[in-house]
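Asker: A single structure is presented below for examination.
The values are calculated or read from the model by the stated rules, or taken from the named source; none is laboratory data. Please read all numbers here as calculations on a predicted model, not as lab measurements. With ideal geometry, Cβ positions are generated from the backbone for all residues, glycine too; neighbour counts draw on all protein chains shown. Remember, those area values only see protein heavy atoms, side chains included, never the ligands or the DNA or RNA. Shrake-Rupley method; radii C 1.70, N 1.55, O 1.52, S 1.80 Å.
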Amino acid sequence: MSAAPAEMKENIEANSKWLDAHYDPVANLYTFSSCIALADLQGDGENKLVVGDLGTGACNMKLKVYRGTSLMSENTLLDLPTGLVSFLMDQHEPRTPAVAVASGPFIYVYKNLRPYFKFTLPTLEVNPLEQDVWSQAKEDMIDPVSLKEMLEGIRDKAEIPLSVRSLKFLMLEPQEMEAYVNLHKQNPIRRQTVITCISTLKKNMADEDAVSCLVIGTESKDVYILDPEAFTILSKMSLPSSPTLMDVTGQFDIEFRITVACRNGNIYILRRDSPKPKYCIELTSHPVGLVRVGKNVVVGCAQETLQGYTQKGKKLWTVYLPAPVTTMGLMDHHTRGFQAVLVGLANCEVHLYRDKNLISTIKTPDVVTSVCFGRYGREDGTLIMTTKGGGLMVKILKRTAVFEDKDTAPGPPLAQSIRLNVPKKTKLYVDQTMRERENAVAMHRAFQMDLSRLRLAVARAYVKALESSLTPVSASLSEPLKMHAVVQGLGPSFKLTLNIQNTAVCRPVMNLAVSFLYDESLYSMKTAFFKIPLLVPGLNYPIDTFVECLTDKGISDIIKVFVLREGKSAPLLTAHINMPVSEGLALA
């Protein structure tokens, strides 16, 4: 019962920041974040919603334009759209942007909501062996079965992939091959790639209404930058894998960065005058979302994680999500100077992250498939979302909404993510580092030499202690003994207790004696030598004696205790007793 009010309170707090402007669960909009944009298509100061609708996936693909909550216009698309952007082509008045829709190998450009231009990707090189085989089929020199066998051999070994015509032929049933060959053998072979992602790049100015170039990624692992007026290829760059997600920043004539997520699970960063990637970010799982926030890149991964990287590929942080990522988008509120990342999740939630901090959560009635934040109509802070069931949601950010920088998700405190103020490297540190690099071998040898000398000195001292019986534990196997001494009293009389123990398993020890060695000018003992009775294994034998301090100068000395065996001069045990200062004489 207590969990329900807490969840209700959380929903109220999240909804207090947003106004529910519109929700149509049967809008029949099936799209992704790459196929949705906001643009002032008529130059009247009101932004329209432009959507590339996927339809059923096989038919009803349309380019739809919404004004407010109503459908303004729609155009039929011939193929599935893979991306949609709005961009300014020229400086002519009125300044109305065009819409570019990437579909298959083509880019369809619409201006004033009407078809304006169609750009086709350049054809790729055809495999010469494939061309020879089809030439033989054209002259009826080989039958369809032989053609299939030869094409299969080319497909397995050739570096240049087969054309679509050959791949479709290899998929046919034997009875359909002859008709297919007769239909296509007279036509020349073409190998065409398709567009996988599209974005825009400012040409020479960073203004919002500046002319932009088109940037497209293709299945053939290439990235093209197109001129906005003539639609010629200004630049071509290559990637190690096919791109799937793209983010572009900068200006073409000055400096730019293209961040590309590829199908091999890596992220590559392309720069001006560099035909190949400058940096590479290797991920632990495939990326499903890519957003640039300032100078950092935020990546949503298939393992339900959100990761932050610098533009040079250094990992900054990782956030673990409660559900898989379905879509991602940038929330850039220009009037407030506020930037954050919108993350749609499979559990019908949209999380708002600023850096690694979760600052807001929006509950949705269905799984969100696309998000877009920006100016819609005349309202700056508008969040547009489409759902898996084809619904359309429009939310408006309240002008009184405040997002706190603290993390609302449970976990470690925010202080743990604050970087330590590490001092800069001093000249002395740099000099020492250079010295260690230059003299690494000599320093290692000197260290090993000193370590060997230390080990030798320790070993010699240990052997000497064993040979001279300088330890309180006997090293002899025939007389395994252990002894420790206790001094009691303040002085000038001290009670000295020796605790001797036979550590053998079952053999007693006999014929032992104890002798004391001391400075006779400082101490006196009634008995400095006496015999020890038979020592039974495992028992502790306390032996008491008294020591009298003779000096009143407040000094002390060491009394040596030897455990001897009758008939042998070398002691079995040795103990050095540090006598305390006699307080009795000092006080007197």
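Asker: Taking 1 over the mean of 1/r across every pair of different Cα atoms in region 298-383, what Kirkwood radius in Å do you get?
Answerer: After inverting the pairwise mean of 1/r, the radius is 13.6 Å.
Asker: Find how much the distance from S146 to A461 grows on full extension, using 0.36 nm per residue of separation minus their present alpha carbon separation; answer in nm with one decimal.
Answerer: Residue separation times 0.36 nm, minus the Cα-Cα distance, leaves 104.5 nm.
Asker: So for E93, E479, what's the accessible-area order with a 1.4 Å probe, most first? Intermediate values should be presented prior to the final figure.
Answerer: Values: E93 145, E479 10 Å².
Listed by decreasing accessible area, they come as E93, E479.
Asker: Looking at A528, G489, A210, which one has the Cα that reaches farthest to the positive end of the dipole of the chain (charges on Cβ: Lys, Arg +1; Asp, Glu -1)?
Answerer: Highest projection toward the positive end goes to A528.
Asker: Report the gain in length on full extension from K314 to I254: 0.36 nm times residue separation, minus Cα-Cα distance, nm rounded to one decimal.
Answerer: Residue separation times 0.36 nm, minus the Cα-Cα distance, leaves 19.1 nm.
Asker: Determine how many Å³ per residue the convex hull of the Cα atoms of the chain encloses.
Answerer: About 389 Å³ per residue, rounded to a whole number.
Asker: Rounded to the nearest 10 degrees, what's the angle between the helix 174-184 long axis and the longest principal axis of the chain, both from Cα atoms, 0 to 90?
Answerer: Its long axis makes an angle of about 60 degrees.
Asker: What number results when the radius of gyration of region 230-299, computed over Cα atoms, is divided by 2.2 N^0.38 Å?
Answerer: Dividing the Cα Rg of region 230-299 by 2.2 N^0.38 Å gives 1.11.
Asker: Given +1 on the Cβ of Lys and Arg, -1 on the Cβ of Asp and Glu, and no further charges, what dipole in debye does region 88-162 carry about its Cα centre, rounded to the nearest 20? Before the final figure, lay out the partial values.
Answerer: Working: 8 positive and 12 negative charges, 149 e Å.
Its charge dipole is roughly 720 debye.
Asker: In a shell of Cβ-Cβ distance under 11 Å around S86, excluding S86 itself, what net charge do Lys and Arg (+1) and Asp and Glu (-1) give?
Answerer: Once positives and negatives cancel, what remains is +1.
Asker: Probe radius 1.4 Å, ligands and nucleic acids left out: which of L345, L124 has the largest accessible area, and how do the rest follow?
Answerer: Solvent-accessible surface, decreasing: L124, L345.
Asker: Towards the positive end of the charge dipole of the chain, with charges on Cβ (+1 Lys, Arg; -1 Asp, Glu), say which of N578, L201, C549 has the farthest Cα.
Answerer: C549
Asker: Does anyone have the angle between helix 128-138 and the longest principal axis of the chain? Alpha-carbon axes, 0 to 90°, nearest 10?
Answerer: 40
Asker: First compute the accessible area of region 176-315 with a 1.4 Å probe, then give the percent of it belonging to carbon and sulfur atoms.
Answerer: Carbon and sulfur: 46 percent of the exposed surface of region 176-315.
Asker: For region 92-178, what is Rg from Cα atoms divided by 2.2 N^0.38 Å, rounded to two decimals?
Answerer: 1.66
Asker: Counting only protein heavy atoms and using a 1.4 Å probe, what share of the accessible area of region 30-168 belongs to carbon plus sulfur, as a whole percent?
Answerer: Numbers: 3620 of 6950 Å².
Accessible surface attributable to carbon and sulfur in region 30-168 totals 52 percent.
Asker: With each run of n ≥ 4 DSSP H residues scored as -39500 (n - 2.57), what mean residue ellipticity at 222 nm is computed for the chain after dividing by its residue count and rounding to the nearest 500 deg cm²/dmol?
Answerer: -5500 deg cm²/dmol
Asker: Magnitude of the Cβ-charge dipole of the chain, K/R +1 and D/E -1, about the Cα centre, nearest 20 debye?
Answerer: 1640
Asker: Which pairs break 31 Å Cα to Cα here: K203/K395; K278/K425; K278/K356?
Answerer: Where the Cα-Cα span goes over 31 Å, the pairs concerned are K203/K395.
Asker: Just how much of K356 is accessible, in Å², when a 1.4 Å probe is used and the result is rounded to the nearest 10?
Answerer: It works out to around 70 Å².
Asker: Looking at region 520-587, which trypsin sites (Lys or Arg not before Pro) are in a loop (DSSP not H, G, I, E or B) and have at most 11 other Cβ atoms within 10 Å?
Answerer: Listed in order of number, the matching sites are K526, K553, K568.
Asker: How much accessible surface area, in Å² rounded to 10, belongs to the heavy atoms of H286 with a 1.4 Å probe?
Answerer: Using a 1.4 Å probe on the heavy atoms, I get roughly 100 Å².
Asker: Here is a further query. Just to confirm the number: angle between the C-alpha axis of helix 440-468 and the first principal axis of the chain, 0 to 90 degrees, nearest 10?
Answerer: 30
Asker: With a 1.4 Å probe and all protein chains left in place, how much accessible area per residue does region 418-563 have, in Å²?
Answerer: On a per-residue basis, region 418-563 sits at 71 Å².
Asker: Among Y108, W134, L512, which residue has its Cα furthest toward the positive end of the charge dipole of the chain, with +1 on Lys/Arg Cβ and -1 on Asp/Glu Cβ?
Answerer: Final value for the positive-end residue is L512.
Asker: I want to check the label-to-label distance for L451 and D132. Put each point 7 Å from Cα in the C-beta direction and report it in nm to one decimal.
Answerer: 6.5
Asker: On to the next question. For S73 and E125 in the same chain, what is the full-extension length gain: residue separation times 0.36 nm, less their Cα-Cα distance, in nm?
Answerer: Residue separation times 0.36 nm, minus the Cα-Cα distance, leaves 14.8 nm.
Asker: Given a Förster distance of 45 Å, report the FRET efficiency between Q91 and T433 from their Cβ-Cβ distance, rounded to the nearest 0.05. Can you show the working numbers first?
Answerer: Working: r = 55 Å, r/R0 = 1.22.
Computed FRET efficiency for Q91 and T433: 0.25.
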